[in-house]
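The values are calculated or read from the model by the stated rules, or taken from the named source; none is laboratory data. Note that the structure is a prediction, hence the values are computed from the model and not measured. Cβ coordinates were reconstructed from backbone atoms using ideal geometry, including for glycine residues, and neighbour counts include every protein chain displayed.
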Amino acid sequence: MRFTKMHGCGNDYIFVDLVSEPQELAWPRVARVLSDRHFGIGSDGLILIKPSATADFSMVMFNADGSEGEMCGNGMRCLAKYVYEHGLTRKHVFAVETKAGLIKPKLFVEDGQVKLVELDMGKPTVGEESTLNVKGMTLTYIPVSTGNPHCVIFGFNPDEVDLTVLGPAISSSPAFPKGVNVEFAQQLEPGRIAVRVWERGSGETLACGTGACAVGVAAMAKHKCGNEVTISLKGGNLSVKLREDGHVLLRGPAVEVFSGQISAELWREINESS
């Protein structure tokens with residue numbers, strides 16, 4: 001099985017092209033084995049590029065623990081770069097089917113290379129501010145859905161938060177029966193917000209595209225910024241813009257790191273794992 005490793009602001013995924021080489025495997029198991037950073041390739045998860053009956057392509061994503069996610073903004077930008085640069089499409093704007101609905105990437109191409117990708121992420125839903133008791137703390141959060149669920153928390157310096165404790169405690173709280181992605185955010189200036197992210201199923205990641213959108217629209221709803229903001233994550237900056245029609249746009253880079261083929265030893269590990 002061939003694969004390609006890619007990342008968006010350090011949020012890294014293993015991509016398998018099932019358009020060019022269709023195959024059926026126990027993909028949750030594949031995700032767990034390949035995502036291991038010591039015994040596998042190492043990644044925040046696995047993304048499958050598949051044909052679609054309703055769009056140009058279909059995206060199926062698995063977190064590092066093998067659980068399936070609805071969508072991934074950084075992964076989607078990488079997918080868009082892959083399908084263009086590997087000759088699967090010549091379009092600069094196209095549609096991708098996901099569990100969160102249709103996502104439409106727009107490519108910014110220079111000399112045949114995709115330099116930036118902008119995603120129309122659809123209309124997010126911002127809920128009412130609520131409180132959560134966890135680890136002896138009462139936290140005020142804003143629930144946001146950007147196709148998958150987010151818990152946005154302002155009022156803390158993200159660098160000082162013990163994310164390895166609070167992240168999993170919040171993500172697995174009974175308040176979120178299906179789990180939740182957690183963002184600790186701090187406004188640095190009117191147009192820039194610092195964020196750290198704990199992703200359900202993967203742990204802390206260097207960036208999260210849907211999380212950046214969630215923080216952006218939560219900040220806009222609380223009048224912390226205008227309709228465009230830069231989200232500064234550990235892996236880099238992403239731009240979030242809210243259009244007049246309520247759609248949120250996410251813009252940022254995508255990088256192809258390397259391609260390869262699974263070794264016979266790792267292939268046996270995939271097939272023998274339970």
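Annotations for the structure displayed:
The rows are residues; the columns are (1) touching a strand residue (DSSP E or B) at 6+ places or on another chain (Cβ under 6 Å); (2) within 30 Å of V257 (Cβ to Cβ).
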| position | (1), (2) |
| --- | --- |
| A80 | yes, yes |
| Y84 | yes, yes |
| K106 | yes, yes |
| E110 | no, yes |
| G127 | yes, no |
| G136 | no, no |
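The rows are residues; the columns are (1) in contact with a helix residue (DSSP H, G or I) (Cβ under 6 Å, 6 or more places away or on another chain); (2) of a type in the set (D, E); (3) surrounded by 17 or more Cβ atoms within 10 Å (Cβ to Cβ).
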{"position": "D12", "(1), (2), (3)": "no, yes, yes"}
{"position": "A26", "(1), (2), (3)": "no, no, no"}
{"position": "R29", "(1), (2), (3)": "no, no, yes"}
{"position": "D36", "(1), (2), (3)": "no, yes, no"}
{"position": "F39", "(1), (2), (3)": "no, no, no"}
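- Residue count, the stretch 220-270 (criterion: within 28 Å of I14 (Cα to Cα), among the polar types (S, T, N, Q) and either outside the structural domain of M76 (by TED's automatic domain parsing) or in contact with a Leu (Cβ under 9 Å, 6 or more places away or on another chain) (or both)): 4
- Only one entry of L139, L116 meets the criterion of being at pLDDT 95 or above, of a type outside the set (F, W, Y), out of contact with any helix residue (DSSP H, G or I) (no Cβ under 6 Å at 6 or more places or on another chain) and more than 25 Å from V93 (Cβ to Cβ), and that entry is L139.
- Summed over the stretch 175-189, the residues that are surrounded by 11 or more Cβ atoms within 10 Å (Cβ to Cβ) and part of a loop (DSSP other than H, G, I, E, B) give a count of 4.
- Subset tally (residues that are of a type in the set (D, E) and surrounded by fewer than 16 Cβ atoms within 10 Å (Cβ to Cβ)) for the stretch 98-133: 4
- Unique match (being at pLDDT 95 or above and assigned to a strand (DSSP E or B)) among L79, L34, L48: L48
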